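Worksheet for the structure shown next.
Derivation of every value follows stated rules applied to the coordinates shown; laboratory data play no part. Because the structure is predicted, anything quoted here is derived from the model rather than measured. Ideal geometry is used to build each Cβ from the backbone, glycine not excepted, and the neighbour counts take in all protein chains shown.
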């Protein structure tokens, strides 16, 4: 699969990332792969190893958990996947596209370098 980076403009519309300095946002954009997800397709599956962090650029995603059913709907500007990376545990939910969607994701190394500090501030 061809790596298509996310754009700085796309990432700047994500609330979590909007406060990053321009240069850091630019470096992060280059490391985040953009991906189109067909309606009905899973982006992550509960129980799988968590190796990527995701932001939703377009479309709508459904978050569900085994035994609990649908938990919430994600809209553009929201993110997911940080729990598995931050806590080093398997995926805690399945995230599936309700509509055709576009996500951008990064690997653990990029998450640790650029994004983990954003979550540390919330703690």
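Multiplying the residue separation of residue 18 and residue 113 by 0.36 nm and removing their Cα-Cα distance gives an extension gain of 32.5 nm. Taking only the Cα atoms of the chain, the radius of gyration and Dmax are 13.7, 43 Å.
Determine the calculated [θ] at 222 nm for the chain from helices alone, applying -39500 (n - 2.57) to every DSSP H run no shorter than 4 residues and normalising by the residue count; nearest 500 deg cm²/dmol. Provide the component values of the computation, followed by the final result.
On the way: 4 runs with 28 residues, N = 123.
It lands at -5500 deg cm²/dmol.
Of the residues 98, 14, the one with the fewest other Cβ atoms within 10 Å heads the list, and the complete ranking is 98, 14. Label separation (residue 45 vs residue 66): 1.1 nm, computed from points 7 Å beyond Cα along the C-beta direction.
Against the main long axis of the alpha-carbon atoms of the chain, helix 22-31 sits at an angle near 50°.
For the stretch 1-64, go through all pairs of different Cα atoms, get the mean of 1/r, take its inverse, and jot down that Kirkwood value in Å.
Values: mean 1/r = 0.0755 Å⁻¹.
With all distinct Cα pairs of the stretch 1-64 included, I get 13.2 Å.
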